[in-house]
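Working notes, structure below.
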Amino acid sequence: MKTSWPTLTQAVYACEKCRLCQTRTNVVLGEGDLHAALMFIGEGPGQQEDATGRPFVGAAGQLLDKMLAAIGLTREQVYICNIVKCRPPNNRVPEGDERMACMDYLRQQVALVRPKVIVCLGSTPTRALLGDDMRITRDRGVWQLRKGVWFMPTYHPAALLRDADKKRPAWEDFKQIRSKLIELGAYGMEGQHGDGQV
Ligand code: URA
Ligand code: SF4
């Protein structure tokens, strides 16, 4: 059954389906254009996201904003969220049972936003959404069409901050993202598609 944003928001904010609820400060559901053509999916909230309840507001998020700006977009024009909605302690990778417990919320977000393009930021969302056999270094930059949605795995912005050699390939991926949106007639069309129901 298709949910609504108020129902989903209420459920996630009260969620205790996995152990990450015990250590979170705030749940981080996601934010942006609720009918965005372009959706970004990260791994999970970090310290600043946990403190504020907003996705990608720390150093990695600031780099993501810059990369969006480089392809002529703002974070208000896209939708940004994560695989898990609560911060894993010490920013460890979310475990399998945590990812599985949280996955239904992401499915509902995708069903509500109905993006045309989904960008997987780093290994965790790439494997969770495209298969455990994915390898980010090998498979980034290659489009995969799944159930009518174009998926693009690329490096996590935090990886670009650690390793400057990854910046050029990531920039190539972002140019491909812009091209795909143009090809789909969805570039600069924020809020113009979907069923218009929130
Ligand atoms: N890293 C992520 O994967 N998600 C965030 O929201 C912030 C940093
Ligand atoms: Fe619930 Fe997801 Fe938070 Fe786990 S990470 S408590 S499943 S919202």
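The values are calculated or read from the model by the stated rules, or taken from the named source; none is laboratory data. Nothing here was measured: the structure is a model prediction, and the numbers come from that model. Positions of Cβ are backbone-derived with ideal geometry, glycine not excepted, and every protein chain shown enters the neighbour counts. Just the protein is used for accessible areas: all its heavy atoms, side chains included, with ligands, DNA and RNA removed. Shrake-Rupley method; radii C 1.70, N 1.55, O 1.52, S 1.80 Å.
In the range 30-183, Cα pairs under 8 Å separated by at least six residues give a relative contact order of 27 percent. Averaged over its residues, the chain has an accessible area of 49 Å² per residue, based on protein heavy atoms and a 1.4 Å probe.
Cross-linked pairs Lys116/Lys166; Lys85/Lys116; Lys85/Lys166; Lys2/Lys175: Cα-Cα separations exceed 24 Å for Lys116/Lys166; Lys85/Lys166; Lys2/Lys175.
Backbone phi angles across the range 16-26, fed through the Karplus curve with coefficients 6.51, -1.76 and 1.60 (θ = phi - 60°), yield HN-Hα couplings of 9, 6, 9, 5, 5, 5, 6, 10, 6, 8, 10 Hz in residue order; Gly and Pro are listed as x. May I ask you to list the GluC sites (Glu not before Pro) in the range 1-96 that are in a DSSP loop and have at most 11 other Cβ atoms within 10 Å of their Cβ? Listed in order of number, the matching sites are Glu16. Dividing the summed helix terms, -39500 (n - 2.57) for each DSSP H run of n ≥ 4, by the number of residues in the chain produces a 222 nm estimate of -12000 deg cm²/dmol to the nearest 500. Here the chain is assigned +1 on the Cβ of each Lys and Arg and -1 on the Cβ of each Asp and Glu. Its dipole about the Cα centre then comes out at about 260 debye.
Averaging 1/r over each pair of different alpha-carbon atoms in the range 66-185 and inverting the result gives 15.2 Å, the Kirkwood hydrodynamic radius.
What's the carbon and sulfur percent of the chain's accessible surface, probe 1.4 angstrom, rounded to a whole number? Of the solvent-accessible surface of the chain, carbon and sulfur hold 50 percent.
May I ask for the net charge around Gly148, where only other residues with Cβ less than 12 Å from the Cβ of Gly148 are counted and Lys, Arg are +1 while Asp, Glu are -1? Provide the component values of the computation, followed by the final result.
Numbers: positive: Arg114, Lys116, Arg146, Lys147; negative: none.
Summing Lys and Arg as +1 and Asp and Glu as -1 gives +4.
Just check the range 5-136 against the gyration tensor rule for me: Cα atoms, a ≥ b ≥ c as the square roots of the eigenvalues, rounded for a/c under 1.5, and otherwise prolate or oblate depending on whether a/b exceeds b/c. Here the range 5-136 falls in the rounded category.
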